[in-house]
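K.L.:
Sharing a structure, written as structure tokens. Questions coming.
The values are calculated or read from the model by the stated rules, or taken from the named source; none is laboratory data. What you are looking at is a predicted structure, and each value in this text was computed from that prediction instead of being measured. FYI the Cβ positions are ideal-geometry reconstructions off the backbone, even for glycines, and counts take in every protein chain you see. For accessibility, only protein heavy atoms count, side chains too; no ligands or nucleic acids. Shrake-Rupley method; radii C 1.70, N 1.55, O 1.52, S 1.80 Å.
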Amino acid sequence: FEYLDNTYGFGTACNRGAEKAKGDILLFLNPDTLITGNIFKEIISNLKEDNRNAVIGPYTSNGNFLFDFCAGYYINLLFEILNIAFLGRHLEAFIVSMEKKFLKRNKFKVGWVLGAALFIKKEVFFKVNGFDQNFFMFFEEMDLCKRVNRLGYNILYCPTLKLKHQGGASAKKDYEFFTYIFYKSKFIYIKKHFHGVIKNIFTVVLFMQAAAQILLWSILYIFNKKKSEGKIRGFLHFSRILFKNG
């Protein structure tokens with residue numbers, strides 16, 4: 001399914017594909033991935049060893065990152081406040097990396113796994129009504145994992161099972177659009193899972209993140225005019241939507 005033409009979002013396309021799937025386990029796999037080994041046997045074994053295991057994600061990276069960005073622990077205020085200074089997501093990735101390297105686990109529980117390669121039991125996927133189609137792109141896997149976890153199922157990350165993921169291929173097509181969509185999806189997630197004062201605090205933090213990003217890309221303008229212009233327009237667009245709907 002083509003979801004980059006503003007007709008179908010990623011979640012909508014995946015839901016349609018899942019309806020036609022015949023197996024007991026669904027795999028949602030990005031087109032810019034390459035499976036270089038037989039990871040399926042162990043994935044299936046891990047899902048079947050405990051009825052509570054419902055979602056599994058392998059290590060999906062091109063190997064260019066120091067920390068592990070393939071899994072995480074849900075959005076929270078600490079990470080989002082640190083993201084004003086561009087540190088929150090890196091702290092989360094650092095924690096995942098430490099759990100992987102020092103505890104030497106071949107699998108462990110997380111809050112979410114990257115949607116670039118996400119395995120889920122078909123029964124559980126339909127039990128939570130699949131992906132939320134309000135997300136056009138980004139954060140739909142985090143939302144899915146959160147709803148699955150709320151039903152008492154486990155989300156597992158298997159860092160020893162690896163595949164190559166180029167990453168960012170779609171975003172490079174239109175920096176403005178994908179910057180706007182990323183932060184809009186984050187805001188949709190926050191509005192869905194947080195309420196009252198906490199939601200309002202998150203909204204203020206998102207404003208501060210957008211302002212910090214606009215400042216950063218204004219400084220970087222001399223090094224990459226095209227990307228900076230796209231990023232700034234995307235954040236300005238998001239800021240207007242956030243001000244209107246926050």
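K.L.:
Identify the residue in region 137-151 that is touching a helix residue (DSSP H, G or I) at 6+ places or on another chain (Cβ under 8 Å) and open to solvent by 40 Å² or more (accessible area, probe 1.4 Å) and, among all such residues, is modelled with the lowest pLDDT.
P.N.:
Selected residue: F138.
K.L.:
Can you find, within region 35-47, the residue that is modelled with the highest pLDDT among those that are in a loop (DSSP other than H, G, I, E, B), open to solvent by less than 70 Å² (accessible area, probe 1.4 Å) and not small (G, A, S)? Full working, then the answer.
P.N.:
From region 35-47, those in a loop (DSSP other than H, G, I, E, B) are 35-39; that's our starting set.
Checking the rest, the ones that are also open to solvent by less than 70 Å² (accessible area, probe 1.4 Å) come to 35, 37, 39.
From what's left, not small (G, A, S): 35, 39.
Values: I35: 83, I39: 89.
Here the answer is I39.
K.L.:
Give the residues of region 189-206 that are surrounded by 15 or more Cβ atoms within 10 Å (Cβ to Cβ) and either touching a Phe, Trp or Tyr at 6+ places or on another chain (Cβ under 8 Å) or outside any helix (DSSP H, G or I) (or both), sorted by residue number.
P.N.:
Y189, I190, F194, F202, T203, L206
K.L.:
Which count do you get for residues in region 80-109 that are free of Cβ contacts under 8 Å to residues at least 24 places away in the same chain and of a type in the set (D, E)?
P.N.:
2
K.L.:
Quick one: how many residues across region 207-246 are of a type in the set (F, W, Y), closer than 17 Å to Y175 by Cβ and assigned to a helix (DSSP H, G or I)?
P.N.:
Qualifying residue count, region 207-246: 4.
K.L.:
Follow-up question, since we're still on this one. Being surrounded by fewer than 18 Cβ atoms within 10 Å (Cβ to Cβ), at pLDDT below 90 and not aliphatic (A, V, I, L, M) is true for just one of D50, D32, D24. Which residue is that?
P.N.:
Working: D50 fails: at pLDDT below 90; D24 fails: at pLDDT below 90.
When all the criteria are applied, what remains is D32.
So that you can scan it fast, the table gives a plain yes or no per residue for (1) farther than 25 Å from D32 by Cα; (2) surrounded by 13 or more Cβ atoms within 10 Å (Cβ to Cβ); (3) among the acidic types (D, E):
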| residue | (1), (2), (3) |
| --- | --- |
| D68 | no, yes, yes |
| Y73 | no, yes, no |
| L78 | yes, no, no |
| I84 | yes, yes, no |
| I95 | yes, yes, no |
| F102 | yes, no, no |
| K107 | no, yes, no |
| G111 | no, yes, no |
| L114 | no, yes, no |
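K.L.:
May I pose another question? Would you tally the residues in region 207-231 being open to solvent by less than 80 Å² (accessible area, probe 1.4 Å) and either out of contact with any Asp or Glu (no Cβ under 9 Å at 6 or more places or on another chain) or among the polar types (S, T, N, Q) (or both)?
P.N.:
To start, the set of residues in region 207-231 that are open to solvent by less than 80 Å² (accessible area, probe 1.4 Å) comprises 207, 209-214, 216-218, 220, 224, 227-231.
Still in the running and either out of contact with any Asp or Glu (no Cβ under 9 Å at 6 or more places or on another chain) or among the polar types (S, T, N, Q) (or both): 207, 209-214, 216, 218, 220, 224, 227-228.
The qualifying residues number 13.
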